[in-house]
Amino acid sequence: MRRFWSNSLMKMAIIGAISLIFPALLWWTGYPQRFGNFVSHSAIAATGRMGLRLSDVLVEGRQNAPIEKILRVVNVRQGDPLLVYDPYVIKKQLEEISWIRQATVKRQLPGIIYIQLYERQPVALWQHQQKHYLVDEQGVIISSDNLQAFDKLPLIVGGDAPVHAPHILRLLEKFPDVRKRLTALVRVGGRRWDLHLDKSLQVKLPETKVEDALVRLALLIQQKKLNPSEVSVVDLRVQNQMVMRLSPTAAVRLKGKGKET
């Protein structure tokens, strides 16, 4: 009886060890993965024989994203089994293109890959180290290539200008008379903005209560008191106080009138 139990326990131990070691050996040699890949590839090939083959790629929403980069990412071949292509992988790779904020990728049976692109919308040109870059409404730098079509966007200057420009630009949308005359925004000391209107008029905004200062500025424009030929600088940094500097031409003219009198 003692020998029987001893032999039985030994057999059970051997079987248990084999049941643990054998799958581990199979996994280490890669057999399950290879078998799984074989089954997967065979199934995909079968769907291709059933007619689920790529016939076309439909892309919507592209305006500025370089088509050559999109084609390089999608990288498909007409006639391949449709299920070869993973929509999630294509989506993630498309969203690495700087112009593309978000992408939706779907398979449409029997043979179409449908791609919807949501591009970043440029709101300003950032001047930095003698180069220009497009900046979107979230402060993301988009591109420094092919900027000719965006030369009407306001220029922003300053190391941290891209991060802060979207906020001031949204604020300026409340003041269309100011916004339409805006040519540049210069970030000063990482704390505040100088606006440049009509390319020659500098407006110094405060660090805080910027909207109040813009209300005063808009009123000056509506009252036609800011003629760039007469005024070169408007300082609004101090609340309830405004300092204007005459343009060189106006200063000379005023000095001449003083001599006459």
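Condition first: exposed (fewer than 14 other Cβ atoms within 10 Å of the Cβ) and over 16 Å from residue 177 (Cβ atoms). Now tell me which residues in region 194-211 satisfy that.
199, 200, 207, 208, 209
Of the numbered conditions (1) in contact with a strand residue (DSSP E or B) (Cβ under 7 Å, 6 or more places away or on another chain); (2) modelled with pLDDT of 95 or more; (3) more than 22 Å from residue 127 (Cβ to Cβ), residue 226 fails exactly one; give the number of that condition.
Of everything listed in (1) in contact with a strand residue (DSSP E or B) (Cβ under 7 Å, 6 or more places away or on another chain); (2) modelled with pLDDT of 95 or more; (3) more than 22 Å from residue 127 (Cβ to Cβ), residue 226 misses just condition (2).
If residue 225 passes every condition in (1) over 20 Å from residue 133 (Cα atoms); (2) surrounded by 15 or more Cβ atoms within 10 Å (Cβ to Cβ) but one, which one does it miss?
(2)
Please go through region 180-190 and give me each residue that is surrounded by fewer than 17 Cβ atoms within 10 Å (Cβ to Cβ) and either modelled with pLDDT of 95 or more or outside any loop (DSSP other than H, G, I, E, B) (or both), ordered by number.
183, 188
I need the strands (runs of 3 or more DSSP E) fully contained in region 88-171, keeping only those with at least 1 residues that are free of Cβ contacts under 8 Å to residues at least 24 places away in the same chain and surrounded by 13 or more Cβ atoms within 10 Å (Cβ to Cβ).
Passing ranges, in order: 100-108, 131-136.
Looking at 179, 187 in this structure, which one is in contact with a strand residue (DSSP E or B) (Cβ under 8 Å, 6 or more places away or on another chain) and not hydrophobic (A, V, I, L, M, F, W, C)?
187
In this structure, does residue 214 turn out to be in a helix (DSSP H, G or I), assigned by TED's automatic domain parsing to the domain that holds residue 167 and without any contact (Cβ under 8 Å) to a residue 12 or more places away in the chain?
Considered against the rule, which asks whether it is in a helix (DSSP H, G or I), assigned by TED's automatic domain parsing to the domain that holds residue 167 and without any contact (Cβ under 8 Å) to a residue 12 or more places away in the chain, residue 214 comes out as no.
Is it true that some residue in region 196-207 is free of Cβ contacts under 8 Å to residues at least 12 places away in the same chain and either in the same structural domain as residue 173 (by TED's automatic domain parsing) or more than 34 Å from the chain's Cα centre (by Cα) (or both)?
Taking every residue of region 196-207 in turn, none turns out to be free of Cβ contacts under 8 Å to residues at least 12 places away in the same chain and either in the same structural domain as residue 173 (by TED's automatic domain parsing) or more than 34 Å from the chain's Cα centre (by Cα) (or both).
The values are calculated or read from the model by the stated rules, or taken from the named source; none is laboratory data. Everything numeric in this text was worked out from a predicted model, so none of it was measured. Note that each Cβ is placed from the backbone with ideal geometry, even for glycine, and that neighbours are counted across all protein chains shown.
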